[in-house]
1. May I have the convex hull volume per residue, in Å³, for the Cα set of the range 133-180?
2. Taking neighbour counts of Cβ atoms within 10 Å as a proxy for exposure, in what order, fewest first, do 177, 252 appear?
3. May I ask you to compute the full-extension gain from residue 71 to residue 108, defined as 0.36 nm times their residue separation minus their alpha-carbon distance, rounded to one decimal in nm?
4. In nm, what is the difference between 0.36 nm times the number of residues separating residue 118 and residue 89 and their Cα-Cα distance?
5. 7 Å from Cα along Cα→Cβ at both residue 270 and residue 19: what's the point-to-point distance in nm?
6. Gain in length, residue 283 to residue 149, computed as 0.36 nm per residue apart minus the alpha-carbon separation, to one decimal in nm?
């Protein structure tokens, strides 16, 4: 009687646990997808571009770490959802082989999450120099004028003819409210990034202005006309470099990934324990 009660108690506990596990799997999947397709997409500036000039080759060990971390989270989320279903089915049917397979799969998921954590740690330890070099190289050699153009007297819109890096830079400067790598002087002579021919003796690009409703297709200048005339004063981000802001953005997202990974990892450990407890209870009840 006591043994039967113990099996039922463990079975329903494992079933309830897997409902939570299913929700956690959805959370991991959501974080991974969000991290890959986040509309601000600043991660594109930390990924290795087609290395035309060979300047970024020495950073190949860290070039896609953030993307791979997100892919691992997506894989772990999908696997978690499938495994949660297996766990529920194994608990209801009290089938030991299915419960053992469930525990093994949990160990695999835990391994994926540990790998994602290692990748994130490796990226963060090498990110400073890598990000600075990538930003400087793309700004000098890939950035073009008029990536963001005025649609009317108060609103701006992305220029569809601009290249990938110009759009990525302008999007980052608008979303993070920054200008250049260190500041707006990166765009004019004798800025630390060198002389950009398209900005010689001119001000920084329109994306260095301050905008409101920055997530809309048409973004509106905070002070129409003022920044459009002189981007070194007034409602501008001239003095705010993008490098420190991008690193802070990455740190915030890495903290989210680490927090989610630790929480889900603990849930997985409890799931493994419950699965083996139920297996032992089932075996004990069957033994004469």
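Where a number appears in this text, it was derived from the coordinates with a stated rule and is not lab data. None of these values were measured; they are calculated from a predicted model. Positions of Cβ are generated from backbone atoms using ideal geometry, with glycine treated the same way; all protein chains shown enter the neighbour counts.
1. 75 Å³
2. The fewest-first ordering by Cβ neighbours comes to 252, 177.
3. Here the answer is 11.8 nm.
4. 7.2 nm
5. Simple spin-label model gives 1.4 nm for this pair.
6. 41.1 nm
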